[in-house]
Amino acid sequence: MQITQISDYKQFIPLWFAEDIGDGDHTTLSSIPADAVGKSRLIIKDNGILAGVEVAREIFNSFDPSLQMTVYKHDGDEVKYGDIAFVVEGKVRSLLQTERLMLNIMQRMSGIATRTNEYLKRLEGTKTQVLDTRKTTPGLRLLEKEAVRIGGGTNHRIGLFDMILLKDNHVDFAGGIKNAIENARKYLKEKGKNLKIEIEVRNLDELQQALDCGGVDRIMFDNFTPELTRKAVEMVGGRCETESSGGITLETLRQYAECGVDYISVGALTHSVKSLDMSFKAV
């Protein structure tokens, strides 16, 4: 299954329903008449950034196209406790069977968007952009990366297929910085692929080797201190993009940004996030 863009998450919707409903939601089917209609509203129970509204629309439409959704809060909006994000009207059976899937996704996405926005605010006044990583939940990567974007962050590569990122293990197995870069450039030429090349360096010596070799679009400073980062940015001198990564927290983020790096990648945007609380209640 080839994933090419964020919108490809739609192919997973049938799998999500199969996981949750199986051969039928017997609780709803046994207690609710088939012709019963009603409405439910999404109530926000925390402060943050809303994300997943358009995904929710796809979920409702995929399960029952007759459901009618009235939206009051959109993706990227700031929300507070008590806000009504949207109301959905239609068959009660459909409202009940889509409720948990929609909530799980919206709570997760909104939590990520809220966390990303916190990082973004720490970067105000600098040129630095915050990046996500591949530290995502299997099967939910596209949604989690979309949530980062909604929160104001920037998406790094989607997977292993849309960028070459030579990390420490690649460098060590290839026999060094120079070999890794030259092998990657040769591969792209042979395959006729137009992919950006990024290389991770662990110290200033490796950085100098990468600069001497050339041919990369971005250099990642892995686990550098702010002091070393400032020196590294000066050594690069604008010859390529720069990125800081490795153990950077909300508290230390601005120190790295003020060193002049173009990007800071933060795994915590997706791998350890508190979901935004909300509920889907009958009116």
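From the C-alpha gyration tensor of the chain, pull out the three semi-axes of the equivalent ellipsoid (sqrt of 5λ each), sorted largest to smallest, in whole Å.
44, 22, 13
Rounded to a whole number, what % of the accessible area of the chain do carbon and sulfur atoms account for, probe 1.4 Å?
Numbers: 6750 of 14070 Å².
The C+S portion of the solvent-accessible surface of the chain is 48 percent.
Relative to the longest principal axis of the C-alpha atoms of the chain, give the angle of the C-alpha long axis of helix 141-150, reported between 0 and 90° and rounded to the nearest 10°.
It is inclined by approximately 90 degrees.
Setting aside same-chain residues fewer than 8 positions from Lys281, which lysines have a Cα under 27 Å from its Cα?
Straight-line reach from Lys281, under 27 Å: Lys10, Lys39, Lys45, Lys73, Lys80, Lys91.
What angle, in degrees between 0 and 90 and rounded to the nearest 10, separates the Cα long axis of helix 53-63 from the longest principal axis of the Cα atoms of the chain?
50
Plugging the Kirkwood radius over Cα pairs into Stokes-Einstein for region 139-283, at a temperature of 20 °C and a viscosity of 1.002 mPa s, what D comes out in µm²/s?
On the way: Rh = 16.8 Å.
My calculation gives 128 µm²/s for D.
Enter the accessible area per residue of the chain (Å², integer; probe 1.4 Å; all protein chains in place). Each step should come with its number before you reach the end.
On the way: 14070 Å² over 283 residues.
It amounts to 50 Å² per residue over the chain.
Which of Asp23, Asp77, Asp172 moves the most in a Gaussian network model of the chain with Cα springs under 10 Å?
Between Asp23, Asp77, Asp172, it is Asp23 that shows the largest mean-square fluctuation.
To the nearest 20 debye, what charge dipole does region 167-223 have about its Cα centre, counting +1 at the Cβ of each Lys and Arg and -1 at the Cβ of each Asp and Glu?
Numbers: 10 positive and 11 negative charges, 85 e Å.
Roughly 400 debye for region 167-223.
What's the magnitude of the charge dipole for the chain around its Cα centre, counting Lys and Arg as +1 and Asp and Glu as -1 at the beta-carbon? Answer in Debye, nearest 20. The partial results should precede the final answer.
Values: 37 positive and 41 negative charges, 41 e Å.
For the chain, the charge dipole is close to 200 debye.
In terms of the Cα gyration tensor, with a ≥ b ≥ c the square roots of its eigenvalues, is region 1-119 rounded because a/c is under 1.5, prolate because a/b exceeds b/c, or oblate?
Details: a/c = 2.10, a/b = 1.32, b/c = 1.60.
Since a/c reaches 1.5 but b/c is at least a/b, the shape of region 1-119 is classed as oblate.
I'd like to know how region 230-283 sits against the 2.2 N^0.38 Å rule of thumb: what's its Cα Rg over that expected value?
On the way: Rg = 17.4 Å, N = 54, 2.2 N^0.38 = 10.0 Å.
Computed over Cα atoms of region 230-283, the ratio equals 1.73.
The values are calculated or read from the model by the stated rules, or taken from the named source; none is laboratory data. Keep in mind it's a predicted model, so treat the numbers as computed, not measured. For neighbour counting, all protein chains shown are included, and Cβ atoms are generated from backbone atoms with ideal geometry for every residue, glycine included. Areas reflect the complete protein model, heavy atoms only, side chains present, ligands, DNA and RNA absent. Shrake-Rupley method; radii C 1.70, N 1.55, O 1.52, S 1.80 Å.
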